[in-house]
1. Based on this model, can you work out whether A:Ile29 counts as under 22 Å from A:Val181 (Cα atoms), at pLDDT 85 or above and not charged (D, E, K, R)?
2. Would you list the helices (runs of 4 or more DSSP H) that sit entirely within segment A:62-147 and hold 1 or more residues that are under 25 Å from A:Val46 (Cα atoms) and hydrophobic (A, V, I, L, M, F, W, C)?
3. Just give me the residues in segment A:188-207 being part of a helix (DSSP H, G or I), touching a residue at least 12 places away in the same chain (Cβ under 8 Å) and closer than 23 Å to B:Val15 by Cβ, in sequence order.
4. What do you reckon, is B:Arg7 over 13 Å from the mean Cα position of the chain (by Cα) and modelled with pLDDT of 90 or more?
5. Scan segment A:123-158 for residues that are at pLDDT below 85 and crowded, with 16+ Cβ neighbours inside 10 Å and jot them down.
6. Which of the residues spanning segment A:218-235 are out of contact with any Ser or Thr (no Cβ under 8 Å at 6 or more places or on another chain) and hydroxyl-bearing (Ser, Thr, Tyr)?
7. Answer with yes or no whether A:Met63 is at pLDDT below 80 and surrounded by 12 or more Cβ atoms within 10 Å (Cβ to Cβ).
8. Between a residue in segment B:3-15 that is surrounded by fewer than 17 Cβ atoms within 10 Å (Cβ to Cβ) and any residue that is hydrophobic (A, V, I, L, M, F, W, C), which pairs come within a Cβ distance under 8 Å, given they are 6 or more apart or on different chains?
Amino acid sequence: MSAGYVPVSWNRNKWIYDALLLLAMGLYIWIFLRVAPGFQDVTRPVDGSILRMRAFGSLAFLMLTFILCIGPLARLDRRFLPLLYNRRHFGVLTCAVALVHAGHVLGWYYAFSPTKPLAALLGSNTSFDLFVGFPFEVFGIAALAVMVMMAVTSHDFWLHYFGAPLWKALHMAVYGAYACVVAHVALGYLQDTDNPAFAIVVAICVGVVCVLHVIAGSREGLRDKTPAPAAQGSDPYAGWIALGTLDRITRDLPDGRALVVTPEEGERIAVFRKEDQLGAISHACAHQNGPLGEGRIVFGCVTCPWHGFQYRLEDGCAPPPFTEKVPTYTMVVDETGQLWLDPTPLPAGTARPLTDLPKQEALHGSDTVPA
Amino acid sequence: MKRRHIRAHGLIWRVLACALPLLLIAALVARPGERQQTTAEQIAPPASGQAATSGAEQ
């Protein structure tokens, strides 16, 4: 989490995640190489190299499909959050599988070309004016280039080097890469096979990815369309957001959890309860804009549910030696017990007093935190 | 996530959710005519030394 380069910090969860992933990948390749020959057209025998090419190509497609499902699944259901934790390793492995696929293609089809294999690949079909017969290889090359770029820049060093906005923009290219992969498959292998099973699998994969993203996006968009109203007029809290009475918040908000507030303007705000105090910080993590308000307080710090980055509720700063900061917000309780939130962010890392909850509500202790 | 990212994601996926199925459908509809599909089950055991693949599309 520091600004300099640090090696990837392996821990037990990462080892288990990667081991399961590698096991599943090996199992898929093994099954594909043994099962696929039984379904092939025996009048058009397929060489072992082509089988391996198809095995790795289809595996890369399935892995990329699964990776793209993780984000919306985690937003729709917290139980999928552990998949998000090590998604970058998943992405790097997908890139490696795609490279093996590309290596088989070059090694098999273009090994004996008088020109260099890559030049032969790019020059062998120039029917760019056709739909069926379009040189689908260019889509695969484009997707592979994006995946390599993402794999190379996946380390946090590059996140700090580029800054979060540029890094996020670069990594959103994966959506374009997926579109290229679908075009690569649709204009490539789907044109070559009469077996409908593969077309059905591809259609299901594309459908699931699109539907999940559209549902998750619609849910988020709906929140934005119904922001918390700010007080109007000459009220001393004009422009502020009324969050309700302290009694109600104490009763409804479990210890260690947050209430996410969407203001009319600006970013969402996470109002956390830390034992018998409340504090508001930005909902967006400084690391990758993860939803801090969907995290919880662990060891006294707000912990991002995506990658575990932590911030002190008191000032929005990551605990030493880390340097990340998020904006904080001011809250005030008026004489009626109403809690007001100023939606104007304070500079990242600004300390401000937390709001004390009524003592009698301490009965709602930490044992009410859901799992 | 920041709100501009949410809006960008929403827009991108609405476009992709329209474009990708259309691409798949177009690719399947535009496929060349059905080829002769011959699976192992459809082939009778070769008789009198005739090769199973003789005369079939290579």
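The values are calculated or read from the model by the stated rules, or taken from the named source; none is laboratory data. No experiment lies behind these values; they were computed from the predicted model shown. FYI the Cβ positions are ideal-geometry reconstructions off the backbone, even for glycines, and counts take in every protein chain you see.
1. yes
2. On the way: elements: A:81-85, A:87-109, A:117-123.
Answer list for segment A:62-147: A:87-109, A:117-123.
3. Within segment A:188-207, A:Leu190, A:Val202, A:Cys205, A:Val206 meet the criteria.
4. Working: over 13 Å from the mean Cα position of the chain (by Cα): yes; modelled with pLDDT of 90 or more: no.
Criteria not met by B:Arg7.
5. A:Asp156, the sole residue that qualifies.
6. A:Ser218, A:Ser234
7. no
8. B:Ile12/A:Met172; B:Arg14/A:Val214
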